[in-house]
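What follows draws every value from the coordinates through simple rules; no lab data is involved. Keep in mind that this is a model prediction, so the values were computed, not measured. Glycine gets a Cβ as well: all are built from the backbone with ideal geometry, and neighbour counts include every protein chain shown.
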Amino acid sequence: MYKALLRPILFLFDPESVHYFTFNMIKLTAKIPGVKQWRRRKYCVNDASLSKEVFGLTFKNPVGIAAGFDKNALILNELEDFGFGFVEIGTVTPRPQEGNPKKRLFRLKKDQALINRMGFNNQGVDAISNRLKGKKTKLIIGGNIGKNTATPNESSKPDFIENFEKLHPHVDYFVVNVSCPNVGDTAKLQDKDFLVDLLSTLIEKNKGFDVQRPILLKIAPDLNPIQLDEVVEIVLESNIDGIIASNTSVDRSDLKTEKEELNKIGNGGLSGQPVKDKSTKVIKYLSEKSNKAFPIIGVGGIHSAQDALDKIEAGADLVQVYTGFVYEGPNLVRDINRAILKTKNNA
């Protein structure tokens, strides 16, 4: 129904407008008697063998929604009805910010992809923390944190610390986002010495809480082997809990979309099917290079159950979807969980 009827209609309109329209419809329809129960029956795969413990947390299933989808934690309770095992909010910044000028989200239909240059648009850590206090869902919630665009890179550490301290009581794990291509120059933020210092600082802050939250680093899919070796060194030297591979890509090669249209769109991070193989290769490299020394959340181009299984086979412990959810609809989450369950039963 989604791909045959709803998607063609939704894709007639501006992607960002459709995004928020969909949010409002999800919240509104959830209030209709019986809809919540119907969604759970249709999309949720309830089986104890899907449960997985990763970095000290127990996920009811290994399929999550990636950061950027529900930046402001607006529909956490409703997302659980679509079968997700966890949700990552953000990227959250200390102060609210509008992000980059619109238009800033684009569909590449021929490539089953998106390009975005949203620019960390969000309501700020105070508003989001207050909203999280009222969440009813039992889903595991990740907090993806970054710096405000106006904060100079060399002065960005306090931004991460503020996000960390204010979100700490309300999320289950953290993701340090220094690899987004849509917030200006991130070269400094991805410098090894800077990262080890930042992550070590957050680990020390973590020790001051009664319950410590896992800390992960999100990396770009465009890193070469030398840079990926540095990632392994960063994880081991800082003693963080894992990696998310990967963020959006700046690579525009081998796309089916015409170059004229790409030039018209301009800068932004590419997500969806064109990133699939690249992110899977990154996962495989990190897993093998580190001898599976740390958990990996695999994300990038998951549009089918097989895409998710490929990432798990490459070394991912959990997977996340976003663009695939937009193109394939909510059946995708159910299909992935069913495929994982079938693989387990046949093992």
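Okay, here's what the table says:
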item	result
2 or more residues over 15 Å from the mean Cα position of the chain (by Cα), under 26 Å from V275 (Cα atoms) and hydrophobic (A, V, I, L, M, F, W, C): qualifying helices (runs of 4 or more DSSP H) within segment 5-124	7-10, 15-30
Test: Y20 is more than 30 Å from G119 (Cα to Cα) and aromatic (F, W, Y)	no
Extreme residue, farthest from F11 (Cα to Cα), among residues of segment 298-328 that are surrounded by fewer than 19 Cβ atoms within 10 Å (Cβ to Cβ) and touching a residue at least 24 places away in the same chain (Cβ under 8 Å)	L309
Single residue of segment 282-297 satisfying the filter (out of contact with any helix residue (DSSP H, G or I) (no Cβ under 8 Å at 6 or more places or on another chain) and not basic (K, R)) that is surrounded by the most Cβ atoms within 10 Å (Cβ to Cβ)	I297
Single unsatisfied condition, M118 versus (1) in contact with a Leu (Cβ under 7 Å, 6 or more places away or on another chain); (2) loosely packed, with under 15 Cβ neighbours inside 10 Å	(2)
Subset of segment 125-152 [more than 30 Å from N46 (Cβ to Cβ) and assigned to a loop (DSSP other than H, G, I, E, B)]	G146, K147, N148, T149, A150, T151, P152
Among (1) part of a helix (DSSP H, G or I); (2) in contact (Cβ under 8 Å) with a residue 12 or more places away in the chain; (3) polar (S, T, N, Q), the one test that S179 misses	(1)
All positions within segment 241-281 that are exposed (fewer than 14 other Cβ atoms within 10 Å of the Cβ), closer than 16 Å to N116 by Cα and polar (S, T, N, Q)	N263, N267
Residue satisfying condition, being surrounded by 18 or more Cβ atoms within 10 Å (Cβ to Cβ) and within 23 Å of K311 (Cα to Cα), within set V63, V125	V63
Conditions (1) charged (D, E, K, R); (2) under 25 Å from H303 (Cβ atoms); (3) surrounded by fewer than 20 Cβ atoms within 10 Å (Cβ to Cβ); number of the one not met by E80	(3)
Residue identified as buried (at least 17 other Cβ atoms within 10 Å of the Cβ) and of a type in the set (S, T, N, Q) among N163, N130	N163
